[in-house]
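Notes follow once the structure below has been shown.
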Amino acid sequence: MLAEASSGGKPSVRTSQLDHTWSIANAQPGAVVTLEVDTQAAANSENDNFAFTYSIGAGPWVNLGTLLNGTARQTLSTQLPSSTSGLIQVRVVDTDRTSGRGGIDQLSIYRIRVVSAGDPGEQAPVVTITSPPRAQR
Ligand SMILES: [Ca+2]
């Protein structure tokens, strides 16, 4: 469970914020490399949401997705380059820092993982559907 931190001060100017980064060391290359974040945010009255980004090898932050408050537990995922290796960082930041919205909003992180399947040089499975013809599907 992660909770926002309050800026303190008068309620009218108080803000709440959250900024947390996880580091995953030793990611392995694979034919298919997938980053998965299993998470949920309880509904909050300020309608504050949580934006996830990731970085490979201390490179630029890339959008992973936004977790909306009050929605079901879900897995945000993306496919990473098959050559991915070493350090992967995942960051979550709240999306609302309006003055006066000092509520301490929370989210749950159940699991963050990088799944590497197959060897890097391998062809990922490809499924081609030939029957019925496209027009009939
Ligand atoms: Ca906030």
³J(HN,Hα), Karplus 6.51/-1.76/1.60, whole Hz, each residue of the range 17-33, x for Gly, Pro | 8, 9, 8, 9, 10, 10, 10, 10, 8, 6, 4, 10, x, x, 4, 10, 10
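Rank by packing, highest mean first: peptides 44-55, 65-76, with packing defined as the count of other Cβ atoms within 10 Å averaged across residues.
In decreasing order of mean packing, 44-55, 65-76 become 44-55, 65-76.
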Multiply the residue gap between S99 and V115 by 0.36 nm, knock off their C-alpha separation, and tell me the result in nm, one decimal place.
-> 1.8 nm
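Taking K and R as +1 and D and E as -1, what net charge do the other residues with C-beta under 12 Å from the C-beta of S16 add up to?
Around S16, the charge tally is -4.
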Using θ = phi - 60° and the Karplus form 6.51 cos²θ - 1.76 cosθ + 1.60, what ³J(HN,Hα) does each residue of the range 106-119 get, whole Hz, x for Gly and Pro?
-> 9, 9, 10, 10, 8, 6, 10, 8, 10, 10, 10, 10, x, 8
Under 11 Å from a label point 7 Å along Cα→Cβ of Q40: give me every residue in the range 96-134 with its amide N that close.
-> 108-110
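Can you tally the net charge around N69? Count Lys and Arg as +1, Asp and Glu as -1, for every other residue whose Cβ sits under 9 Å from the Cβ of N69.
Local charge sum for N69: -3.
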For the range 1-25 and the range 46-65, write down the distance between their C-alpha centroids in whole Å.
-> 16 Å
When you have a sec, figure out the Kirkwood radius of the range 2-122 from all distinct Cα pair distances and drop it here in Å to one decimal?
-> 15.4 Å
Ordered by residue, what ³J(HN,Hα) values in Hz, to whole numbers, does the range 82-91 give under the Karplus form 6.51 cos²θ - 1.76 cosθ + 1.60, where θ = phi - 60° and Gly and Pro are x?
-> 5, 7, 3, 7, x, 7, 10, 10, 10, 10
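Once you have the Cα-Cα distance between T75 and K10, take 0.36 nm times their residue separation minus that, and quote the gain in nm to one decimal.
My answer for the length gained is 19.7 nm.
Every number here is computed from the coordinates shown, using simple stated rules; none is lab data. None of the values given here were measured: they were computed from a predicted structure. Note: ideal-geometry Cβ built from the backbone for every residue, glycine included; neighbour counts use all protein chains shown.
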